[in-house]
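Please read the structure below before turning to the comments.
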Amino acid sequence: MTIFRLVGGTDVKPTGRIANPAAGTARIKTCKKSVTIVVDNFIETRRAADETLSTTAENGRLRAQRCDIWRAAEAATQYWRQRLKFESAISYAQCMEIPEGSYHPVVESKDRYAMVGLWRKALVKQLLTPAPDTASVKWKQTVPAGRSLKHTDVKPERLKHVIADDLAFLAAHPVRQSNRKATGDE
């Protein structure tokens with residue numbers, strides 16, 4: 001049985017068979033420029049460790065590492081924000097005594113305060129997480145304008161330092177240059 005997978009824009013043909021895909025067997029094939037890893041019938045090709053990356057590619061990898069951490073923090077913030085909205089909708093339905101409100105347990109105000117605290121913690125964690133791109137930095141800059149940080153222990157000075165560090169990182173690790181800058185035209 002031959003398996004073809006599209007990996008990184010090129011067709012990759014495995015060099016052998018997987019003995020038992022359900023058992024989680026793995027096979028690794030190396031060559032000068034890449035490493036092909038086959039695990040559970042999934043093929044992944046990676047660059048060899050001795051191959052050098054361009055500056056842009058290395059910067060992209062550094063930003064991608066930040067992106068994974070940022071997305072996890074963002075997911076937690078969004079979860080608690082949406083959870084609060086959902087609990088408000090349930091509470092309103094129960095106050096209005098419509099049938100849909102009976103599908104859920106009674107919403108207690110003390111539970112809401114605990115959820116607000118968890119949302120604030122998630123928000124602070126996201127604000128202190130290194131930003132992977134300029135859009136994330138702009139989001140951080142808009143948060144203090146609202147009342148979201150009023151009841152947290154984050155001081156505006158600390159947030160300014162975090163944003164400054166993010167901007168310094170992004171300036172030091174650009175992922176691409178415009179054509180005008182690359183050709184020298186200004």
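The values are calculated or read from the model by the stated rules, or taken from the named source; none is laboratory data. No experiment lies behind these values; they were computed from the predicted model shown. Cβ sites come from the backbone with ideal geometry, for glycine too, and all protein chains shown count toward neighbours.
Taking residues in the stretch 144-165 that are in contact (Cβ under 8 Å) with a residue 24 or more places away in the chain, and partners anywhere that are surrounded by 10 or more Cβ atoms within 10 Å (Cβ to Cβ) and basic (Lys, Arg), the pairs with Cβ atoms closer than 8 Å and at least 6 places apart or on different chains are SER148/ARG120; HIS151/ARG120; THR152/ARG120; LEU159/LYS140; VAL162/LYS140; ILE163/LYS140. The residues of the stretch 99-131 that are more than 30 Å from CYS67 (Cβ to Cβ), in a helix (DSSP H, G or I) and touching a helix residue (DSSP H, G or I) at 6+ places or on another chain (Cβ under 7 Å), listed by number, are GLU100, GLY101, ARG112.
Which of the residues belonging to the stretch 144-161 are of a type in the set (Lys, Arg) and within 23 Å of the chain's Cα centre (by Cα)? Across the stretch 144-161, the qualifying residues are ARG158, LYS160.
Any chance the stretch 78-90 includes a residue that's at pLDDT below 90, surrounded by fewer than 16 Cβ atoms within 10 Å (Cβ to Cβ) and not charged (D, E, K, R)? Within the stretch 78-90, none of the residues are at pLDDT below 90, surrounded by fewer than 16 Cβ atoms within 10 Å (Cβ to Cβ) and not charged (D, E, K, R).
Within the stretch 104-124, residues that are more than 18 Å from GLN78 (Cβ to Cβ) have Cβ atoms under 9 Å from residues that are of a type in the set (D, E, K, R) and at pLDDT 90 or above in these pairs: HIS104/GLU87; VAL107/GLU87; ASP111/GLU87, counting only partners at least 6 apart in sequence or on another chain.
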